[in-house]
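All remarks here apply to the structure that follows.
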Amino acid sequence: VVTLGLAAVGAMTTFVGAIAAIVFFFWGRGTDYTIEMTVPSPDGSRVATLYTGKGGGAAGWCSQVISVNTDMDPFSIEHEEKSTLYQVFRSDCEAKVAFRWLSTSSLHIEFSKGEQTGGVSVYMSPSDHSGRIKVEYSFGA
């Protein structure tokens with residue numbers, strides 16, 4: 001009985017170790033970021049940046065994000081990895097996204113669900129973190 005119990009513990013330890021290795025391989029591989037488009041506001045005081053982040057291996061994930069930054073605190077992937085402070089929009093990568101400045105204080109973001117059969121998951125902020133830039137949205141880009 002003791003030998004059978006130790007064998008079961010050994011088998012379970014091997015199983016848990018294998019699962020941990022698989023999790024690390026697929027989810028611990030880091031994130032890849034790509035800056036898709038950067039558009040300065042008409043007066044140059046702000047910059048809207050669309051970027052994608054992908055990760056997770058076989059069961060991966062992909063997000064599109066629009067951040068609004070100032071020249072005093074410019075866009076940086078390192079900051080984006082740690083904080084969502086400058087993010088005004090976020091969706092999965094299946095969505096089609098377009099954006100443009102309407103004025104120095106107004107950003108317009110259009111999106112649609114793309115080719116996917118289900119819905120689209122989005123985060124939409126009504127303004128940037130300072131409250132000085134209003135963000136307008138339309139669905140069906």
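Among what's in region 67-96 and is among the β-branched types (Val, Ile, Thr) and more than 13 Å from the chain's Cα centre (by Cα), pick the residue that is most open to solvent (accessible area, probe 1.4 Å).
Here is the first cut: in region 67-96, the residues among the β-branched types (Val, Ile, Thr) are 68, 70, 77, 84, 88.
Add one more test, that the residue is more than 13 Å from the chain's Cα centre (by Cα), and what stays is 68, 70.
Working: Val68: 3, Thr70: 35 Å².
Out of the qualifying residues, it is Thr70.
Any idea which residue in region 39-64 is modelled with the lowest pLDDT, counting only those that are more than 16 Å from the chain's Cα centre (by Cα) and not in a loop (DSSP other than H, G, I, E, B)?
Here is the first cut: in region 39-64, the ones more than 16 Å from the chain's Cα centre (by Cα) are 39-47, 58.
From what's left, not in a loop (DSSP other than H, G, I, E, B): 39-40, 46-47, 58.
Numbers: Val39: 97, Pro40: 97, Arg46: 97, Val47: 97, Ala58: 73.
Checked region 39-64; the qualifying residue modelled with the lowest pLDDT is Ala58.
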Check: So which of Gly131, Gly60, Gly53, Gly118 ends up being open to solvent by less than 70 Å² (accessible area, probe 1.4 Å) and on the phi > 0 side of the Ramachandran plot?
Finding: Gly131
Item checked: Ser112, sole failed condition from (1) touching a residue at least 40 places away in the same chain (Cβ under 8 Å); (2) open to solvent by less than 20 Å² (accessible area, probe 1.4 Å) -> (1)
Margin query: For region 66-96, give me the residue count where each residue is assigned to a strand (DSSP E or B) and closer than 13 Å to Val135 by Cβ.
Written below: 7
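The values are calculated or read from the model by the stated rules, or taken from the named source; none is laboratory data. Everything quoted here is computed from the prediction, not taken from an experiment. Note: ideal-geometry Cβ built from the backbone for every residue, glycine included; neighbour counts use all protein chains shown. For the accessible areas, the whole protein counts, side chains as well, though only heavy atoms, and no ligand, DNA or RNA atoms are used. Shrake-Rupley method; radii C 1.70, N 1.55, O 1.52, S 1.80 Å.
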